[in-house]
1. Assess whether Ala67 counts as being in a loop (DSSP other than H, G, I, E, B) and touching a strand residue (DSSP E or B) at 6+ places or on another chain (Cβ under 6 Å).
2. Could you check, for the stretch 58-70, whether at least one of its residues is under 20 Å from Glu165 (Cβ atoms) and in contact with a helix residue (DSSP H, G or I) (Cβ under 6 Å, 6 or more places away or on another chain)?
3. In the stretch 128-160, what residues are at pLDDT below 85, within 12 Å of Ile55 (Cβ to Cβ) and either buried (at least 20 other Cβ atoms within 10 Å of the Cβ) or over 17 Å from the mean Cα position of the chain (by Cα) (or both)?
4. Among the residues of the stretch 37-50, is there at least one that is touching a residue at least 60 places away in the same chain (Cβ under 8 Å), of a type in the set (Gly, Ala, Ser) and either surrounded by 10 or more Cβ atoms within 10 Å (Cβ to Cβ) or assigned to a loop (DSSP other than H, G, I, E, B) (or both)?
5. Please tell me if Phe103 is of a type outside the set (D, E, K, R) and touching a strand residue (DSSP E or B) at 6+ places or on another chain (Cβ under 9 Å).
6. Among the residues of the stretch 61-83, what is the count of those that are surrounded by 13 or more Cβ atoms within 10 Å (Cβ to Cβ) and under 29 Å from the mean Cα position of the chain (by Cα)?
7. If a residue must be out of contact with any Leu (no Cβ under 9 Å at 6 or more places or on another chain), surrounded by fewer than 17 Cβ atoms within 10 Å (Cβ to Cβ) and not hydrophobic (A, V, I, L, M, F, W, C), how many such residues does the stretch 105-124 contain?
Amino acid sequence: MLAEVKESLRYHQEVPIIHIGNDRPNIKYVVAKFQHAVSSFQDLDFLVNNFTKTIVYFDNRQHPEEARRHLQEILDNESDRQQIGCYHSLKSDEFKKEALQEFKDGKLRVLLATEALGMGMDISDVTLVIQYGLPKNISALVQRLGRAARDPSLEALEIDMTNPEAFDGAENKAASKRAPRLTAQDKEDARQAIDKWRTIVFKRDYLDPSGAFSLYSEQAVISDKQRENLVSKCAKLFGGFDPHPHGP
């Protein structure tokens, strides 16, 4: 791929390539459940206690405006209210340019935005990025969270706020994967299936070509202890398993 890029751009082959990677050890990533109704924006209330330079991303263009009204309502100081701004495609180009400059200069401390604030925005001292709700795709999430701590000397926090249902679905899925309680018959079926497989493999791999067994035993394939571990973990899987369905 890099060779193709160099060729397309007509770079000399001796042009060095420096791999800096995409690891961002100065950024901590957190996934959090909404504790309140999404439309209330109360989960953003903590922002008013510490005006670190923050970007909050939304997927709906109305949400930045609604979130700003909510945050401004809980602030007592008018100067603090003016430090919260919006940035989305319904704003004019002039407004967005001014808002971005004020954010860069520190006059705005919290910028509530949509995808309109994406690639090309290189402000180095953003120390908190929040994704409010699940984004449409993972690439959008990566681009948005990549706005944090462009200055590698800074540390930043990224928070992905999502609906409790997303967690519940994962928890239910994990629960459905847990092994069911095994009966004695399950274990015995598994033990017989494993023994049958072990014998076949032993005859295939350890039987002397003359027809006499070697000095090895079937435990060379898998020990009795390992067999019992498999029985405990995988009895449901091995119970109906035919290790050699078409004959030896």
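1. no
2. Checked the stretch 58-70: at least one residue is under 20 Å from Glu165 (Cβ atoms) and in contact with a helix residue (DSSP H, G or I) (Cβ under 6 Å, 6 or more places away or on another chain).
3. Within the stretch 128-160, Arg144, Leu145, Arg147, Ala148, Ala149, Arg150 meet the criteria.
4. No.
5. Values: of a type outside the set (D, E, K, R): yes; touching a strand residue (DSSP E or B) at 6+ places or on another chain (Cβ under 9 Å): yes.
Yes: the conditions hold for Phe103.
6. 8
7. Residues meeting the conditions: 6.
Every residue, every condition in (1) assigned to a helix (DSSP H, G or I); (2) among the aliphatic types (A, V, I, L, M); (3) within 20 Å of Glu158 (Cα to Cα); (4) out of contact with any Pro (no Cβ under 7 Å at 6 or more places or on another chain), yes or no:
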| residue | (1), (2), (3), (4) |
| --- | --- |
| Ile55 | no, yes, yes, yes |
| Gln72 | yes, no, no, yes |
| Leu90 | no, yes, no, yes |
| Lys96 | yes, no, no, yes |
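The values are calculated or read from the model by the stated rules, or taken from the named source; none is laboratory data. As the structure is a prediction and not an experimental result, all values here were calculated from the model. Every residue, glycine as well, gets a Cβ built from its backbone with ideal geometry; the counts of neighbours run over all protein chains shown.
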